[in-house]
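The values are calculated or read from the model by the stated rules, or taken from the named source; none is laboratory data. As the structure is a prediction and not an experimental result, all values here were calculated from the model. A quick note on method: Cβ atoms are made from the backbone with ideal geometry, for glycine too, and the neighbour counts reach across all protein chains shown.
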Amino acid sequence: MSDPTFRQVRLGEALKRLRERAGLSQREAAYRLRYNYQKLSRIENGQLPEYHGMRAMLDLYGVLVSEEAPYIDMWERASERGWWHPYGLDDQGYISLEHDAIRVCAFQLGYIPGLLQTESYMRAVFLGWQTQHSRKWIENQIAIRTRRQERLVGTGSLEYHAVIVEAAFRHADRSQLLHINEMARLPNVKVQALLDTAGLHDGQNGSFTLLDFAYPGEMSVLYVEHPAGATHVEDVERVKASKLVFKHLSKLALTPDESVEWIGRLAAER
């Protein structure tokens, strides 16, 4: 059996919180649901429950019909197959996290963030990697990144805030710079340039991304990529510390309006 997806784990945790709020032990709840104790344990650890079984849990835990919607939505999301599967990606990586997030804050040292990249910039990035990939692989990655960018427009748009270090703009051509400013005009997108004149800062430790979710409990995740892969952190205190760092970096950076002007001047020089 494959590991539970991020969505399934979140649903299991939400059901566990409801059980504890109702003052029921896992064994008591399992007995009243006519479940095997181990089955309820597996559900709370990320095994997807049957729909009617989940409704029975909500009823037992005292959730009113008028309060069920967020949990039904979580169950539906945990049940669906992500759009990224045909591209050969599973539910354990960053894309499934980003897809569910309502807010993303990204700090970038070396690259223009993926959600703001033009196709030509994407292609240059992939071709510049040490590991050589086939043309088909590159086109697949471009298609994935382009699909991700759809979340910035339309209904239910992702709230996106990017703080980008000056060095990351050096390899961006005029069309890429103008595209950043075009995206920055969207009401849900905020872009800030962090110039070298700001001096040394916490961001020198590396790029990172913070994702906020609308799940019951309003959880957040810290996502960090590294040469050997990537990791995501859910520990509340560590995520909180990272949010403070991002807030500090955004204060050191140019304001969004100043950033648009600075990027515009940079584009005019290219």
Here the qualifying pairs (Cβ atoms under 6 Å; residues six or more apart or on different chains; first in the range 140-151 and among the β-branched types (V, I, T); second crowded, with 17+ Cβ neighbours inside 10 Å) come out as I142/M122
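What about I112, is it in the same structural domain as H248 (by TED's automatic domain parsing) and either touching a Leu at 6+ places or on another chain (Cβ under 8 Å) or part of a strand (DSSP E or B) (or both)?
Numbers: in the same structural domain as H248 (by TED's automatic domain parsing): yes; either touching a Leu at 6+ places or on another chain (Cβ under 8 Å) or part of a strand (DSSP E or B) (or both): no.
In short, no.
I138: surrounded by 16 or more Cβ atoms within 10 Å (Cβ to Cβ), in the same structural domain as L194 (by TED's automatic domain parsing) and of a type in the set (V, I, T), yes or no?
Numbers: surrounded by 16 or more Cβ atoms within 10 Å (Cβ to Cβ): yes; in the same structural domain as L194 (by TED's automatic domain parsing): no; of a type in the set (V, I, T): yes.
Spelling it out, it is not the case that I138 is surrounded by 16 or more Cβ atoms within 10 Å (Cβ to Cβ), in the same structural domain as L194 (by TED's automatic domain parsing) and of a type in the set (V, I, T).
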Note on the range 214-244: residues among the hydrophobic types (A, V, I, L, M, F, W, C) and crowded, with 18+ Cβ neighbours inside 10 Å are V221, L222, V239
Give me the pairs: first residue in the range 119-130 and farther than 19 Å from R174 by Cβ, second residue assigned to a helix (DSSP H, G or I), beta-carbon distance under 7 Å, and six or more apart or on different chains, which are they? F126/I138; F126/Q141
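With respect to L178, is the statement that it is free of Cβ contacts under 8 Å to residues at least 24 places away in the same chain and either of a type in the set (D, E) or over 30 Å from R10 (Cα atoms) (or both) true?
When the stated conditions are applied, L178 does not pass them.
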Checked S207, S157, S259 against criteria (of a type in the set (S, T, Y) and touching a Phe, Trp or Tyr at 6+ places or on another chain (Cβ under 9 Å)); the one match is S207
Looking at the range 70-123, which of its residues are among the β-branched types (V, I, T) and within 13 Å of R145 (Cα to Cα)? I95, I112, T118
Sort out which residues of the range 161-193 are in contact with a helix residue (DSSP H, G or I) (Cβ under 6 Å, 6 or more places away or on another chain) and part of a strand (DSSP E or B), and write them in order of number. V163, V189, K190, V191, Q192, A193
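Could you grab me the full set of residues in the range 251-270 that are among the hydroxyl-bearing types (S, T, Y) and buried (at least 19 other Cβ atoms within 10 Å of the Cβ)? Reasoning before the result, please.
So the first thing to find is which residues in the range 251-270 are among the hydroxyl-bearing types (S, T, Y), and the list is 255, 259.
Matches in the range 251-270: S259 only.
For the structure I just gave you, tell me whether L177 is out of contact with any strand residue (DSSP E or B) (no Cβ under 9 Å at 6 or more places or on another chain) and not small (G, A, S).
Details: out of contact with any strand residue (DSSP E or B) (no Cβ under 9 Å at 6 or more places or on another chain): yes; not small (G, A, S): yes.
Spelling it out, L177 is indeed out of contact with any strand residue (DSSP E or B) (no Cβ under 9 Å at 6 or more places or on another chain) and not small (G, A, S).
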Filter result for the condition that a residue is under 22 Å from the mean Cα position of the chain (by Cα), in the same structural domain as L158 (by TED's automatic domain parsing) and assigned to a helix (DSSP H, G or I), over L97, L11: L97
Identify, please: which residue in the range 163-202 is of a type in the set (A, V, I, L, M) and within 15 Å of G110 (Cβ to Cβ) and is, among those, nearest to the chain's Cα centre (by Cα)? V163
For the condition in a helix (DSSP H, G or I), more than 13 Å from the chain's Cα centre (by Cα) and of a type outside the set (A, V, I, L, M, F, W, C), what is the one hit in R81, R123? R123
